[in-house]
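The values are calculated or read from the model by the stated rules, or taken from the named source; none is laboratory data. Just so you know, these numbers come straight off a predicted model, no measurement behind them. Note that we place each Cβ from the backbone using ideal geometry, even for glycine, and neighbour counts take in every protein chain shown. These area figures cover heavy atoms from the full protein model, side chains too; ligands, DNA and RNA do not enter into them. Shrake-Rupley method; radii C 1.70, N 1.55, O 1.52, S 1.80 Å.
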Amino acid sequence: MDRRTEWKNRVDAVWADSTLNNAEVIDRIDELAAEWPDDDALSLFEKAGARDSAGLEAQAEPLYRRALRLGLPESERAQATIQLASTIRNLGHIDESVALLRAELDAAPDGELAGAATAFLALALASRGDALEATQLALLALVPQLPRYQRSVRAYAMELTAGA
């Protein structure tokens, strides 16, 4: 097992440990991140996530932005984009959140995290006051999971913003 994989396994173990409080998660993630240079995108991403999870969005935001600037593997890049968009929505930067999530969905409409991006886009749109579009997105995301009524729900969802 290479060093990065072993490190990632230890990070995952911290996230999986439900006995840790928020401060302990941050401390443990920071200890693990210290094993890498200050400009390591993955460790910055994990530090951002620990703070974000603890409700410290203002501390998480610059870490997410730096990790994204430095470049992350695709899966973590998508996660960081979604998490940054959620963070900045909570900080009141709703239009930027919507733009980030729309760009993510445009770039990877069938990506592994497209459903998550859609869910957070619906939340951002609702926060912005675009409840009908948010509802439409949520319903359209739900359609493939329906055993029946897919055509009806899709049509009704599209009617929500028709002519808007």
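Could you identify the single residue in Arg77, Arg148 that is of a type in the set (Lys, Arg) and outside any helix (DSSP H, G or I)?
Arg148
Within the stretch 101-118, can you find the residues that are part of a helix (DSSP H, G or I), out of contact with any Phe, Trp or Tyr (no Cβ under 9 Å at 6 or more places or on another chain) and aliphatic (A, V, I, L, M)?
Ala103, Leu105, Ala107, Ala114, Ala116, Ala117
When you scan the stretch 6-16, do you find a residue that is within 25 Å of Ala107 (Cβ to Cβ), open to solvent by less than 70 Å² (accessible area, probe 1.4 Å) and part of a helix (DSSP H, G or I), even just one?
Kept after step one, since they are within 25 Å of Ala107 (Cβ to Cβ), are these residues of the stretch 6-16: 8.
Subsequent filtering for residues that are open to solvent by less than 70 Å² (accessible area, probe 1.4 Å) retains 8.
Subsequent filtering for residues that are part of a helix (DSSP H, G or I) retains 8.
Yes - at least one qualifying residue is present in the stretch 6-16.
For the subset of the stretch 83-97 comprising residues that are open to solvent by 10 Å² or more (accessible area, probe 1.4 Å) and under 13 Å from the mean Cα position of the chain (by Cα), which member is nearest to Asp30 (Cα to Cα)? Quick ask: steps written out before the conclusion?
Pass one, the stretch 83-97, residues open to solvent by 10 Å² or more (accessible area, probe 1.4 Å): 83, 86, 89-96.
Those left that are additionally under 13 Å from the mean Cα position of the chain (by Cα): 83, 86, 89-90.
Numbers: Gln83: 18, Ser86: 22, Arg89: 25, Asn90: 23 Å.
Restricting to residues being open to solvent by 10 Å² or more (accessible area, probe 1.4 Å) and under 13 Å from the mean Cα position of the chain (by Cα), the top hit is Gln83.
Being touching a Lys or Arg at 6+ places or on another chain (Cβ under 6 Å) and modelled with pLDDT of 95 or more narrows it down to one residue among Ser97, Ser86; which is it? Before you say what the answer is, go through the steps one by one.
Working: Ser86 fails: touching a Lys or Arg at 6+ places or on another chain (Cβ under 6 Å).
The unique qualifying residue is Ser97.
Determine which member of the set Ala141, Ala124, Ala117, Ala134 is open to solvent by less than 50 Å² (accessible area, probe 1.4 Å), over 16 Å from the mean Cα position of the chain (by Cα) and closer than 20 Å to Leu160 by Cβ. So that I can check it myself, show each step before the final result.
On the way: Ala141 fails: open to solvent by less than 50 Å² (accessible area, probe 1.4 Å); Ala124 fails: over 16 Å from the mean Cα position of the chain (by Cα); Ala117 fails: over 16 Å from the mean Cα position of the chain (by Cα).
Unique residue meeting the criteria: Ala134.
Cβ contacts < 9 Å: first residue open to solvent by less than 40 Å² (accessible area, probe 1.4 Å), restricted to the stretch 51-64; second residue assigned to a helix (DSSP H, G or I) and among the aromatic types (Phe, Trp, Tyr), any location; separation 6+ or different chain. Result?
Asp52/Tyr64; Leu63/Phe45; Tyr64/Phe45
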